[in-house]
Structures are given as structure tokens and as C-alpha cells.
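Novice: Please read through the structure below; I'll follow up with questions.
Only the coordinates and a few stated rules stand behind these numbers; no lab work does. Since we're looking at a predicted model, the values are computed, not measured. A quick note on method: Cβ atoms are made from the backbone with ideal geometry, for glycine too, and the neighbour counts reach across all protein chains shown.
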Amino acid sequence: MRITALAGGVGGARFVRGLRHHLDTTPGLADSEVTVVANTGDDITLFGLRVCPDVDTLLYTLGDGVEESQGWGRADESHTVQTELAAYGAQPQWFTLGDRDLGTHVVRSQLLGQGWTPSQVTARLADRWGLPGRRIRLLPMTDAPVETHVVVEDGDGETAIHFQEWWVRHQTSVPARRFVVAGLDRAAAAPGVLDAIRTADVVLLPPSNPVVSIGIVLGVAGVRDVLRGTTAPVVGVSPIISGRPVRGHADACLTAIGVESTAGAVAGLYEDFLDAWLVDPADGDVRLPRARVEVFDGPLLMTDVPAAGRIAAHALRLATTVTA
């Protein structure tokens with residue numbers, strides 16, 4: 001089986017890890033190939049280094065190196081370099097980079113400086129984390145530089161700040177008026193992305209942020225068109241349970257684009273290509289004009305790897321019941 005998933009950070013990473021667990025423990029499915037198309041819209045340059053939060057969370061989670069308690073960053077991390085940077089007054093200090101994590105950013109920035117493309121760099125990093133051996137191919141959505149900015153109120157006017165500042169420093173406490181994704185209008189899909197969707201047996205949308213994760217991937221030229229045209233069923237897992245996001249601040253992002261924080265409203269963002277939608281029992285009354293809605297047989301929460309595996313398994317079974 002060839003499975004392609006569009007993913008953001010923590011939610012996408014935990015779902016794909018659960019998916020791989022399900023495939024590896026199910027007779028006849030261990031040889032299945034999983035391709036992950038990662039959001040790079042929240043990438044940022046810090047202290048002269050290129051940081052790709054969603055890509056790195058996928059690397060660490062799928063490579064068994066993530067800090068489980070927070071879902072991102074490296075396990076057994078230290079912060080000697082960040083402390084030294086603070087002593088020098090280097091900014092920003094609201095985005096903490098651990099010492100182990102810095103190794104990833106140094107290597108990425110070095111290779112980019114040598115002329116490597118983001119796709120080539122990501123493949124190199126994925127090798128270090130053993131993803132190919134786990135039958136996981138990790139692709140950035142584009143090789144073009146793309147950065148999401150958030151327009152917020154500033155006195156009597158408005159100003160744009162980087163998405164990471166709004167998300168990490170302000171914890172979305174400053175209401176967003178709109179999102180501006182610099183470079184997205186010129187971004188072509190990275191090598192392999194469109195083919196991975198076109199030739200997949202199943203396309204999955206994990207419970208990632210529908211606005212600033214999956215929504216940004218869908219903005220890359222050609223991605224939405226190939227999703228409409230693929231013969232594979234496209235199955236999504238709701239990131240909203242009973243009006244609240246499973247994790248993070250998806251509700252603040254949805255409010256900024258004028259969409260209700262409901263499982264049905266999020267599915268509406270994918271209406272032109274979505275074939276099936278898996279929801280929590282609390283949202284069993286959701287009805288969609290085109291896509292089949294199915295209720296999971298328990299809380300739609302990825303509390304551990306087996307739980308995420310059960311959700312992924314249900315999504316795959318659901319894919320067999322619909323026609324793209």
C-alpha cells in the first residue's frame with residue numbers, strides 16, 4: 001500500500017507514528033510505504049540558522065528522538081547555548097532552541113549555504129533519523145522559502161509579525177486579523193510531492209491545524225488540483241472535538257479566517273476533494289454534502305502510540321468504503 005499524508009507538526013507526527021505502528025503490526029501491511037508532505041510555512045531564521053519546526057517535529061517523533069511530554073524538541077535536552085545567547089543579549093529569547101536541536105539547524109543551514117535544496121537537506125536529515133528504514137519518506141511541501149505572518153492590531157493600525165512570534169511568544173492571545181503567507185504565490189511543489197498524491201492508494205489528512213499547517217500545504221501550486229484528481233480516496237481525521245481543538249490554537253486560527261471551530265466547518269475547508277471524515281463521538285451529528293462521515297469508536301485522542309495507531313487503522317478502513 002502507498003499512503004500519502006499531509007502533515008503539520010505535533011498532531012501530524014503523532015498520527016503518522018501511529019500509522020506506521022499499525023502497519024508494522026498488521027500482517028500483510030508492513031511493506032506499505034508512507035510519504036509525508038510536511039508544512040514548511042512556519043519556518044523561521046533564528047540566530048542565523050534556518051529552523052523548520054514542523055519538519056523537525058516529524059523527524060524527531062518518527063525517529064524516536066522527541067520530547068514526549070511536550071510533543072516537540074529533542075528528548076534529554078539541555079540549553080547551554082541558549083543561556084549563553086541570553087547572557088549576550090541576543091534576541092529573540094521567546095523561542096528556545098535546545099543544544100541537541102541546534103545541531104539539526106546548524107547542519108541544515110550549512111547544507112543550504114552549500115547550495116543544497118530543502119528537499120535534499122530533509123532527505124539527509126531523515127537518513128540520520130532512520131526514516132527510510134521505517135519505510136517513511138519525508139518531503140517538504142516546497143523548496144521555495146515560505147513564511148507565514150500574522151496581521152494583528154497595533155494601536156490604531158495593524159502590523160505583521162512572524163507566525164512563530166504570535167504562536168510561541170503571544171500564545172495567540174493577540175487576535176489575528178488575517179494571515180499573510182510570504183512566498184506562497186511563487187512556491188512550486190517540491191520534487192515528488194504531486195506524484196506522491198497522484199499515485200497513492202490512500203491520502204490521509206491527520207488531525208493537524210487546518211489553517212496554518214494543512215491549509216498552507218494546500219496553497220502550494222498544484223497540490224489542491226492533484227487532490228481533486230487523484231483516484232485515491234482522501235480521508236481526514238478531525239482536529240476538533242466538540243468545538244475545541246484537540247491540541248494547540250486551531251480555534252484562534254479558524255476565527256481569523258471566519259470559520260467556526262467545529263468538526264463540520266473544518267471538513268468544509270476540504271470539501272472539494274475530501275471523500276471521508278473521521279470524527280469523535282461528540283460530533284456524531286456532523287453531516288457533509290459530499291464526504292462520508294464516520295464516528296470513531298471512542299475518544300479521538302492520540303494519547304499514546306497504540307491509540308494513534310487505532311485511529312490511523314480506522315481511517316484506512318474508512319478509505320476502503322469510499323470511492324474517490
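Novice: If I filter region 221-236 down to residues being under 26 Å from residue 298 (Cα atoms) and in contact with a Phe, Trp or Tyr (Cβ under 7 Å, 6 or more places away or on another chain), which single residue comes out as surrounded by the fewest Cβ atoms within 10 Å (Cβ to Cβ)?
Specialist: First, pick out the residues of region 221-236 that are under 26 Å from residue 298 (Cα atoms): 233-236.
Filter once more, keeping what is in contact with a Phe, Trp or Tyr (Cβ under 7 Å, 6 or more places away or on another chain): 234, 236.
Values: 234: 25, 236: 29.
Filtering region 221-236 for residues that are under 26 Å from residue 298 (Cα atoms) and in contact with a Phe, Trp or Tyr (Cβ under 7 Å, 6 or more places away or on another chain), the one surrounded by the fewest Cβ atoms within 10 Å (Cβ to Cβ) comes out as 234.
Let's see how each residue does on (1) under 30 Å from residue 148 (Cα atoms); (2) crowded, with 18+ Cβ neighbours inside 10 Å:
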site: 3; (1), (2): yes, yes
site: 9; (1), (2): yes, yes
site: 12; (1), (2): yes, yes
site: 18; (1), (2): yes, yes
site: 25; (1), (2): no, no
site: 28; (1), (2): no, no
site: 40; (1), (2): yes, yes
site: 45; (1), (2): yes, no
site: 48; (1), (2): yes, no
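Novice: I'm trying to understand the selection: among the residues of region 252-265, which are buried (at least 17 other Cβ atoms within 10 Å of the Cβ), assigned to a helix (DSSP H, G or I) and out of contact with any helix residue (DSSP H, G or I) (no Cβ under 6 Å at 6 or more places or on another chain)?
Specialist: Matches in region 252-265: 252, 253, 254, 256, 264.
Novice: For residues that are closer than 12 Å to residue 210 by Cβ and either in contact with a Lys or Arg (Cβ under 8 Å, 6 or more places away or on another chain) or not β-branched (Val, Ile, Thr) (or both), tally how many sit in region 220-248.
Specialist: 5
Novice: Every residue in region 292-323 that is aliphatic (A, V, I, L, M) and in a loop (DSSP other than H, G, I, E, B), please.
Specialist: Answer for region 292-323, where residues must be aliphatic (A, V, I, L, M) and in a loop (DSSP other than H, G, I, E, B): 300, 301, 302, 322.
Novice: Being more than 17 Å from residue 135 (Cβ to Cβ) and among the basic types (Lys, Arg) is true for just one of 14, 20. Which residue is that?
Specialist: On the way: 20 fails: more than 17 Å from residue 135 (Cβ to Cβ).
After applying the criteria, what remains is 14.
Novice: If you go through region 266-300 one residue at a time, how many are farther than 20 Å from residue 244 by Cα and surrounded by fewer than 18 Cβ atoms within 10 Å (Cβ to Cβ)?
Specialist: 5
Novice: Could you grab the pairs with beta carbons closer than 7 Å, sequence gap of 6+ or different chains, first residue in region 159-181 and within 14 Å of residue 41 (Cα to Cα), second one assigned to a strand (DSSP E or B) and polar (S, T, N, Q)?
Specialist: Short answer, once both residue conditions are applied: 163/148; 179/148; 181/148.
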